[in-house]
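Okay, structure first, notes after.
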Amino acid sequence: MKTLIKMSLKLLLRTKAFWFFLILTPVLSTLVLKSQFDSSAAYIQKDDGSVIELSGADEKVAYNGGNGEYLLKVYDASKSSYSEELLKMLAGSGMYMVCRCDLSGQGEVFTDDFIQAHMKRDGYEDRMGAALYLYPGFGTAESAEEMADNIKLYVLSDDERTDLLRDDISFFVNGAARDGKEFTDALESVYENKKVITVSGKAGSSLTAEQVNNKTQIGYAFAFMTLGFVFCGVFVAHATINEQKNGVFTRISLTKAGPVQYFVSKLVTAAVISFMSTGVMGICSLIIDSKDLGMSRGKYLLMIFLLGLIFSSISMLLGILIGDVMSANVAAFSVWCLSALLSGLYFPLDDVSDFINVLASLMPQKWFLKASERIITGDNSAFGMVLCITAAYLCVVISTGSLGIKLRRISEWGNS
């Protein structure tokens, strides 16, 4: 066993391309982790009962929906206590997703030209249920009739929830006009007692914006590191393919070393490679503050090592089963691309179909990303999950690889 491992490592260390991937991918991962960017808008759910503030009247609201929400775009020229309470009531009902552009202080902004231009834009270039215009006089109205005159609702879809929206607005107008501050204070007390949390996904833990950024950066780092692990595993497979073609495996089989022992030796070689790549990552990560990782450096490196062990062994298995160097390279790159996309390393997959979710559950990165989320929030029980995931994948790789080598040997004997 030791002789087989030493022989495989010597062949790898002589390969220049192996050193390229061993060093380059940890460096790229470190640069990603060192970069500071805000990705919370893509991950944090906005269905928490709050009003989404738009940067301007021309900003589209379609990107804020995704789960069939009733999107309501509000042009608020009032920005009064009444408008605040109305929008809070609508957003807090759970029925609508309210997006507000603040047009207060711009005088009589709602001219016919303004409304016609934005109606055309909202109807043809955006997607929403309705557009609500709150005129400057909405906050100073003294009667229900005067308050209603300062509201214009334009329906832009055939959604049946529009009738509920009209009823909710009428309820607020009549209540505010009749009871004034007592009515709005009663609504305010409801929202004060309502518990609202911010989550990173449908089943995710509670994350702050900074923690979401840490999770996203770790996902990108995983993507680069798995690329290196995949191709380092392919180099092990290349050596195995050459040994089979040159008759080295046949001579080894004549000794006491069987297919299982031979494959395990290659698996140990892949583990050594993963350890080396993790070591390079550890050295590079010294320039990164642990707070930029969201977890301790040791925990992060352990995650990297386990993920590398899975992908280096999988790519090695693909190369051995395929039996061709070029085809093995294509297969390894395809596995890396598809697994990274389906696991949510690049973008969240909260709103995809059930079929895509099932495929995503087969990708190791998804479970490691989920474990990273739990570790960031202080839940160290996630290590038990990643250890079980790693053991499961390795069991499949060992059994499939040993059987594949044995069948390939039988095939070679039949051809001879």
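The values are calculated or read from the model by the stated rules, or taken from the named source; none is laboratory data. Note that the structure is predicted; figures quoted are calculated from it, not measured. A quick note on method: Cβ atoms are made from the backbone with ideal geometry, for glycine too, and the neighbour counts reach across all protein chains shown. The protein model used for the area step is the full one, side chains on, heavy atoms only, and it has no ligands, DNA or RNA in it. Shrake-Rupley method; radii C 1.70, N 1.55, O 1.52, S 1.80 Å.
Considering only 342, 270, 318, whose Cα is most displaced toward the positive end of the charge dipole of region 255-360, charges sitting on Cβ of Lys, Arg (+1) and Asp, Glu (-1)? After comparing all options, I get 270. Straightening the chain between residue 124 and residue 140 buys 2.4 nm, computed as 0.36 nm per residue apart minus the Cα-Cα spacing.
Element breakdown for region 270-416 at a 1.4 angstrom probe: carbon and sulfur atoms account for 72% of the accessible area. Remark: region 371-388, residue by residue, has Karplus-estimated 3J(HN,Hα) of 5, 4, 4, 5, 5, 4, 8, x, 9, 7, 5, 5, 5, x, 5, 5, 5, 5 Hz, where x stands for each Gly or Pro and the curve is 6.51 cos²θ - 1.76 cosθ + 1.60 at θ = phi - 60°. Among 216-224, 395-403, sorting by the average number of other beta carbon atoms lying within 10 angstrom of each residue, highest first, gives 216-224, 395-403.
Other residues with beta-carbon under 12 Å from the beta-carbon of residue 144 carry, at +1 per Lys or Arg and -1 per Asp or Glu, a net charge of -4. Among the chymotrypsin sites (Phe, Trp or Tyr not before Pro) within region 292-363, those in coil by DSSP and having at most 15 neighbouring Cβ atoms inside 10 Å are 346.
Distances between placed amide hydrogens fall under 5 Å for residue 74 paired with 99, 100, 101, 132, all partners being 5 or more residues away or on another chain.
Let's test the formula: R0 of 51 Å, r as the Cβ-Cβ distance of residue 400 and residue 157. What FRET efficiency results, to the nearest 0.05? FRET efficiency, residue 400 to residue 157: 0.50.
Between residue 60 and residue 297, the simple label model (points 7 Å from Cα in the Cβ direction) yields a spacing of 4.4 nm.
Amide H to amide H distances under 5 Å link residue 59 with no residue, where only residues 5 or more positions off or on other chains count and H is placed in the peptide plane.
Placing a label point 7 Å from the Cα of residue 272 along the Cα-to-Cβ direction, the residues of region 1-25 whose backbone N falls under 12 Å from that point are 1-14.
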